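This is the structure I want to talk about, given as structure tokens.
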């Protein structure tokens, strides 16, 4: 059918050119951004999943930082307890030296001066050991008010831990209190002091064990969070990242289609011009 009012061939060619241009623009966008999902219209369902995964990844990243900070704080407290244990071992050595009859009164006085200095240092470590402005061993975080670490992305994923306290010269032997209230100025006192030191070493060893157990748990927590985050990142990449092989092929195909449609549009318009020339002649 030959018509002059409607150029059906040109309309069809123009439509094909428009579609090819759209496909080419989409392929170029995906290749330039590296993302398959650049707007909601690309794939609404997949975009919703990707956004949910992004939120989870961000939460896991923050949780990983929280757990790492918690482990650093715990390790700082444990290192302080290790130093206190070294001081206690030295105190025991001094007590043993003072408990023998061959030690003179003057020697015991000198030994006792060192004992007093070491006890003061233990108290100083217990009251001044901090991490990030948090005092770890002064009793701030006791059984009644343990420190709480948020170590997961969801509500309730926390770790509570009693830091306790360390004090050398308190009179009782409560948790963290070493009860070093005597001296080594006589052989009898020095002998009794040995037993007191043994009890103090036991208390500190127990506290170090608790800190070590929490640190090991945080090691596992950190490893698990890293694995979860890596797996979700991989899954998210499968959803939203560009497949460069596919999109390069799509771009080449769209360019060929656009060139063909443009040529056909030109041909369709030329056919109508030829028809008008025939009519005019």
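The values are calculated or read from the model by the stated rules, or taken from the named source; none is laboratory data. Just so we're clear, the structure is a prediction, and the values are computed from it rather than from any experiment. For neighbour counting, all protein chains shown are included, and Cβ atoms are generated from backbone atoms with ideal geometry for every residue, glycine included.
Residues in segment 37-48 that are in contact with a helix residue (DSSP H, G or I) (Cβ under 6 Å, 6 or more places away or on another chain) and modelled with pLDDT of 75 or more: how many?
Of the residues in segment 37-48, 2 are in contact with a helix residue (DSSP H, G or I) (Cβ under 6 Å, 6 or more places away or on another chain) and modelled with pLDDT of 75 or more.
Restricting attention to segment 43-56, report how many residues are farther than 14 Å from residue 233 by Cα and either in contact (Cβ under 8 Å) with a residue 12 or more places away in the chain or under 26 Å from the mean Cα position of the chain (by Cα) (or both).
The qualifying residues number 3.
Results for (1) in contact with a strand residue (DSSP E or B) (Cβ under 8 Å, 6 or more places away or on another chain); (2) part of a helix (DSSP H, G or I); (3) within 30 Å of residue 130 (Cβ to Cβ), shown as yes or no for each residue.
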residue	(1), (2), (3)
22	no, yes, no
38	no, no, no
55	no, yes, no
59	no, yes, yes
74	yes, yes, yes
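Can you find even one residue in segment 21-36 that is in contact with a helix residue (DSSP H, G or I) (Cβ under 8 Å, 6 or more places away or on another chain) and closer than 27 Å to residue 226 by Cα?
Taking every residue of segment 21-36 in turn, at least one turns out to be in contact with a helix residue (DSSP H, G or I) (Cβ under 8 Å, 6 or more places away or on another chain) and closer than 27 Å to residue 226 by Cα.
Also: With the requirement that a residue be over 30 Å from residue 110 (Cα atoms) and in contact with a helix residue (DSSP H, G or I) (Cβ under 7 Å, 6 or more places away or on another chain), what does segment 190-218 give you?
Matches in segment 190-218: 207, 208, 211, 212, 214, 215, 218.
Given the criteria in the same structural domain as residue 63 (by TED's automatic domain parsing), assigned to a helix (DSSP H, G or I) and surrounded by fewer than 17 Cβ atoms within 10 Å (Cβ to Cβ), does residue 109 qualify?
Spelling it out, residue 109 is indeed in the same structural domain as residue 63 (by TED's automatic domain parsing), assigned to a helix (DSSP H, G or I) and surrounded by fewer than 17 Cβ atoms within 10 Å (Cβ to Cβ).
Just one of 229, 187 is touching a residue at least 24 places away in the same chain (Cβ under 8 Å) and either touching a helix residue (DSSP H, G or I) at 6+ places or on another chain (Cβ under 6 Å) or more than 30 Å from residue 121 (Cα to Cα) (or both); which is it?
Going through 229, 187 in turn, the sole match is 229.
May I pose another question? Please tell me if residue 196 is in contact with a strand residue (DSSP E or B) (Cβ under 8 Å, 6 or more places away or on another chain), in contact (Cβ under 8 Å) with a residue 12 or more places away in the chain and part of a helix (DSSP H, G or I).
Judged against the criteria, residue 196 is not a match.
Right, residue 74: modelled with pLDDT of 90 or more and under 23 Å from residue 157 (Cα atoms) or not?
The answer is yes for residue 74.
Now, a different point. Consider residue 191 carefully, then state whether it is more than 36 Å from the chain's Cα centre (by Cα) and surrounded by 15 or more Cβ atoms within 10 Å (Cβ to Cβ).
Spelling it out, residue 191 is indeed more than 36 Å from the chain's Cα centre (by Cα) and surrounded by 15 or more Cβ atoms within 10 Å (Cβ to Cβ).
Just one of (1) touching a strand residue (DSSP E or B) at 6+ places or on another chain (Cβ under 9 Å); (2) surrounded by 15 or more Cβ atoms within 10 Å (Cβ to Cβ) trips up residue 34, so point out which.
(2)
Another question, if that's okay. Going through 235, 263, 254 one at a time, which residue ends up being without any contact (Cβ under 8 Å) to a residue 60 or more places away in the chain and out of contact with any strand residue (DSSP E or B) (no Cβ under 7 Å at 6 or more places or on another chain)?
263
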